[in-house]
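Written below as structure tokens is the structure these notes are about.
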Amino acid sequence: MPLQLFGGKPMFQKILIANRGEIAVRIIRTCKRLGIKTVVVYSEADKTSLAVEMADEVVAIGGPTAAESYLVQERILKAAKDTGAEAIHPGFGFLSENAGFAEAVAEAGLVFIGPTPHAIQAMGDKIESKLLAQKAGVSVAPGYDGALSNDEDALKVAHDIGYPVMIKASAGGGGKGMRIAWDDDGLKEGLVSAASEARSSFGDDRVFIEKYIHRGRHIEVQVLGDSHGNVIHLGERECSVQRRHQKVLEEAPSPLVDPEMRAHMGAQAVGLAKAVGYQSAGTVEFIVSQDKEFFFLEMNTRLQVEHPVTEEITGFDLVEEMLRVAYG
């Protein structure tokens, strides 16, 4: 039976999943439980995948590489229209944080199961998101709030806040475009390499500098917002065990966070989400010093890979909540 909302109003009848692998299977499982039909798009490499086997309908969208298939917006939108899907869930990766795709989905008369294009755009740029966080009263690490254009400006900022400093790509993600500098020579070298990696990875070589929190703990807060201005948080996950800025282990609740800190950090995460009119599931990430002082890092405007960790300790199905929010 299709899920019934308040007043007996039915949920979506059919959605398209614009992704592959584990996250596609994850979304299908929730949809099956709710009585929602699923359409899965697939590349040549995924035609025998579990997601393709589990879906109610499947549509081939191109060659084996993402550039030939999962990143081709027009084919995904056509598949949704041709199959009568009402909404598109982007999963994570690929087009999940692409504001242009979210806009294209709406223009096609479909529902994007995720945040608004405005929120994706604002939080996707690390410089802009840091400025928005400051305006929302969120703690941010000391640093320079704009893109650096030359070594002289970078050295001045580094001397003002003190070494070590972290060089970051404004359009960065996944640990790319990040360098730690412990002195002037390291800063000059790091600026070149970070900008080069950012340019090749994101097509945007803007970098900025902030204070590096030595032996910092990485804590992220799961938030959930609806289309009526309500935002809650579902506690935190700790992902301090990393290799090359990539998470290796995720645990919840964090052994570092006490109830008072959880309330304070959660309130800031909710405040930031409200400031950008956030809808759907999202994650606000913080870096925490050894004395428990925390600073905003970034916001992921999508369902995170690690979302089942929060589901295990709260009992919430975040995919279901995303569907409910998208439906209104």
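The values are calculated or read from the model by the stated rules, or taken from the named source; none is laboratory data. Only a predicted model underlies this, so the values are computations on that prediction, with no experimental measurement involved. Don't worry about glycine lacking a Cβ; one is built from the backbone with ideal geometry, like all the others, and counts go over all protein chains shown. These area figures cover heavy atoms from the full protein model, side chains too; ligands, DNA and RNA do not enter into them. Shrake-Rupley method; radii C 1.70, N 1.55, O 1.52, S 1.80 Å.
Before moving on, here are some points about what is shown:
- Over the chain, relative contact order from alpha-carbon pairs under 8 Å, at least 6 apart, %: 15 percent
- Simple label model, 7 Å out from Cα along Cβ direction - Ala263 to Ser200, nm: 4.9 nm
- Beta bridges per DSSP with both ends in the chain, % antiparallel, nearest 5: 70 percent
- The region of the chain that goes longest without hitting one of the trypsin sites (Lys or Arg not before Pro) in a DSSP loop, each with at most 15 other Cβ atoms within 10 Å, is 48-214.
- Over 20 Å between alpha carbons, listed pairs Lys188/Lys292; Lys130/Lys168; Lys156/Lys211: Lys188/Lys292
- As a fraction of the 1.4 Å probe accessible area of the chain, surface on carbon and sulfur atoms comes out at 52 percent.
- Over 28 Å between alpha carbons, listed pairs Lys126/Lys247; Lys32/Lys247; Lys37/Lys126; Lys14/Lys47: Lys32/Lys247; Lys37/Lys126
- Sites Ser227 and Ser149 - FRET efficiency at Förster radius 45 Å, r taken between beta-carbons, to 0.05: 0.65
- With the charge dipole of the range 78-151 set up from +1 on Lys and Arg Cβ and -1 on Asp and Glu Cβ about the Cα centre, the Cα lying farthest toward the positive end among the listed residues Leu95, Ala79, Val140 is that of Val140.
- Kirkwood-type hydrodynamic radius, the range 190-328: 16.2 Å, calculated from all non-identical alpha-carbon pairs.
- Considering only Gly315, Gln290, Pro117, the residue lying farthest towards the positive end of the dipole of the chain is Gly315, judged by Cα position with unit charges set on Cβ.
- Per residue, the accessible area of the chain comes to 45 Å² when a 1.4 Å probe rolls over the protein heavy atoms.
- A simple count of charges around Thr38, restricted to other residues whose Cβ falls under 9 Å of its Cβ and scoring Lys, Arg +1 and Asp, Glu -1, yields +1.
- Sites Val241 and Ala66, calculated FRET efficiency, Cβ-Cβ separation with R0 30 Å, nearest 0.05: 0.60
- FRET efficiency for Lys188 and Glu128, using Cβ-Cβ distance with R0 set to 35 Å, rounded to 0.05: 0.85
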